[in-house]
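Q: One structure, as structure tokens, below. Some questions next.
The values are calculated or read from the model by the stated rules, or taken from the named source; none is laboratory data. All of these numbers come straight from a predicted model, not from anything done at the bench. Cβ placement follows ideal geometry from the backbone for every residue including glycine, while neighbour counts extend to all protein chains displayed. Note: areas computed on protein heavy atoms with side chains; ligands, DNA, RNA excluded. Shrake-Rupley method; radii C 1.70, N 1.55, O 1.52, S 1.80 Å.
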Amino acid sequence: MALTIFILRLVIYVLASPVYLLNFLGLWGWICKKCFPHFLVRVSETYNKQMASQKRELFGNLQQFQGPSGKLSLLEVGCGTGTNFKFYPAGCGVTCVDPNPNFEKFLINSLAENRHLQFERFLVAAGENMRSVASGSVDVVVCTLVLCSVESPEQILREVCRVLRPGGAFYFMEHVAAEPSTWNYFWQQVLDPIWYLLFDGCNLTRESWKPLERANFSQLKLKHLHAPLSWPLVRPHIYGYAVK
């Protein structure tokens with residue numbers, strides 16, 4: 001099986017050699033950062049439609065983590081185009097963090113369509129290093145389809161725990177590796193290297209539930225889901241929340 005995966009990866013490498021050449025020359029990252037937000041706008045609309053009931057379930061109890069201020073303070077890490085905004089409760093104060101500054105104009109459009117929210121600020125930063133966010137300053141951190149592409153899930157979870165107030169919650173929804181010995185997992189392994197390049201550092205075979213289980217949360221509610229999505233490769237999902 002390992003040999004078959006290697007041969008198929010080699011075939012894909014040859015077919016996608018222009019992309020690998022651009023990456024070798026240091027140009028692909030720049031192109032991807034510029035173009036990926038435009039692609040994500042379209043994909044996120046479809047994802048939201050297909051995952052609407054799961055997102056409503058996930059975010060249905062956000063308000064219970066409202067802090068002493070009387071207003072829910074929410075930090076979204078890897079906010080992308082702001083497709084989660086419609087699921088947040090009215091009056092929620094939202095701060096957005098994303099390493100790609102090209103998402104900002106799409107966030108502005110999303111905010112114009114979601115005037116029930118109070119937008120605080122947009123920070124250009126990686127989730128692994130959110131030093132601009134004070135420790136213990138937010139009620140809720142949200143992270144959807146992000147742990148698949150960060151350099152260190154463990155570090156981003158440490159940062160999440162740092163910025164959350166005691167009793168605050170971390171909400172997540174992530175595509176993950178399929179069960180081993182399935183055809184889906186086989187093709188995830190075959191396509192993982194080119195997928196990583198085409199989709200801005202996304203890993204198909206990441207087992208994101210493991211760092212969540214090891215993180216320093218007092219409570220973890222995690223569900224595995226076969227998501228109702230068009231692309232079989234990203235149907236394996238986890239979602240839930242963890243309490244600091």
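Q: Scan region 16-28 and give yes if some residue there is open to solvent by 70 Å² or more (accessible area, probe 1.4 Å) and closer than 21 Å to residue 78 by Cα, otherwise no.
A: No, region 16-28 has no match at all.
Q: Same structure again: Can you tell me which residue within region 49-77, out of those that are of a type outside the set (A, V, I, L, M, F, W, C) and open to solvent by less than 20 Å² (accessible area, probe 1.4 Å), is farthest from residue 123 (Cα to Cα)?
A: 55
Q: Given 29, 67, which one is of a type outside the set (A, V, I, L, M, F, W, C) and assigned to a loop (DSSP other than H, G, I, E, B)?
A: Only one candidate passes the filter, namely 67.
Q: Restricted to region 205-244, and to residues that are part of a loop (DSSP other than H, G, I, E, B) and under 19 Å from residue 165 (Cα atoms), which residue is farthest from the chain's Cα centre (by Cα)?
A: Top of the filtered list is 218.
Q: Give the residues of region 200-219 that are farther than 23 Å from residue 39 by Cβ and open to solvent by less than 70 Å² (accessible area, probe 1.4 Å), sorted by residue number.
A: Matches in region 200-219: 207, 209, 211, 212, 215, 217.
Q: Given the options 165, 214, 158, name the one that is over 22 Å from residue 58 (Cβ atoms) and among the basic types (Lys, Arg).
A: 158
Q: A follow-up question, please. Could you run through region 146-199 and say how many residues are open to solvent by less than 50 Å² (accessible area, probe 1.4 Å), more than 26 Å from residue 7 (Cβ to Cβ), more than 12 Å from the chain's Cα centre (by Cα) and not hydrophobic (A, V, I, L, M, F, W, C)?
A: Qualifying residue count, region 146-199: 5.
Q: So, one more: Specify which of the listed residues (100, 23, 84) is more than 30 Å from residue 135 (Cα to Cα) and in contact with a helix residue (DSSP H, G or I) (Cβ under 9 Å, 6 or more places away or on another chain).
A: After applying the criteria, what remains is 23.
Q: Turning to a different aspect of this structure: Which pairs turn up if I take residues in region 189-217 that are within 17 Å of residue 10 (Cβ to Cβ) and among the β-branched types (Val, Ile, Thr) and look for partners that are modelled with pLDDT under 95 and open to solvent by less than 30 Å² (accessible area, probe 1.4 Å) with beta carbon separation below 6 Å, at least 6 apart in sequence or on another chain?
A: Partner pairs satisfying both residue conditions: 190/5; 194/16.
Q: Identify the single condition in (1) open to solvent by less than 30 Å² (accessible area, probe 1.4 Å); (2) modelled with pLDDT of 90 or more that residue 44 does not satisfy, given that it satisfies every other one.
A: (2)
Q: I've got another one for you. Out of all the residues in region 148-155, is one or more of a type in the set (Ser, Thr, Tyr), under 19 Å from residue 78 (Cβ atoms), part of a helix (DSSP H, G or I) and out of contact with any helix residue (DSSP H, G or I) (no Cβ under 8 Å at 6 or more places or on another chain)?
A: Within region 148-155, not a single residue is of a type in the set (Ser, Thr, Tyr), under 19 Å from residue 78 (Cβ atoms), part of a helix (DSSP H, G or I) and out of contact with any helix residue (DSSP H, G or I) (no Cβ under 8 Å at 6 or more places or on another chain).
Q: Another question about this same structure. So residue 140 ticks every box in (1) in contact with a Phe, Trp or Tyr (Cβ under 9 Å, 6 or more places away or on another chain); (2) touching a residue at least 40 places away in the same chain (Cβ under 8 Å); (3) closer than 25 Å to residue 38 by Cα but one. Which box is left unticked?
A: Result: residue 140 fails condition (3) only.
For every residue, the table says whether it meets (1) in contact with a Phe, Trp or Tyr (Cβ under 7 Å, 6 or more places away or on another chain); (2) in contact (Cβ under 8 Å) with a residue 40 or more places away in the chain.
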| position | (1), (2) |
| --- | --- |
| 40 | no, yes |
| 48 | no, no |
| 65 | no, yes |
| 77 | no, yes |
| 81 | yes, yes |
| 119 | no, no |
| 124 | no, no |
| 132 | no, no |
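Q: Take residue 121 and decide whether it is open to solvent by 30 Å² or more (accessible area, probe 1.4 Å), out of contact with any strand residue (DSSP E or B) (no Cβ under 7 Å at 6 or more places or on another chain) and either farther than 25 Å from residue 31 by Cα or part of a loop (DSSP other than H, G, I, E, B) (or both).
A: Considered against the rule, which asks whether it is open to solvent by 30 Å² or more (accessible area, probe 1.4 Å), out of contact with any strand residue (DSSP E or B) (no Cβ under 7 Å at 6 or more places or on another chain) and either farther than 25 Å from residue 31 by Cα or part of a loop (DSSP other than H, G, I, E, B) (or both), residue 121 comes out as no.
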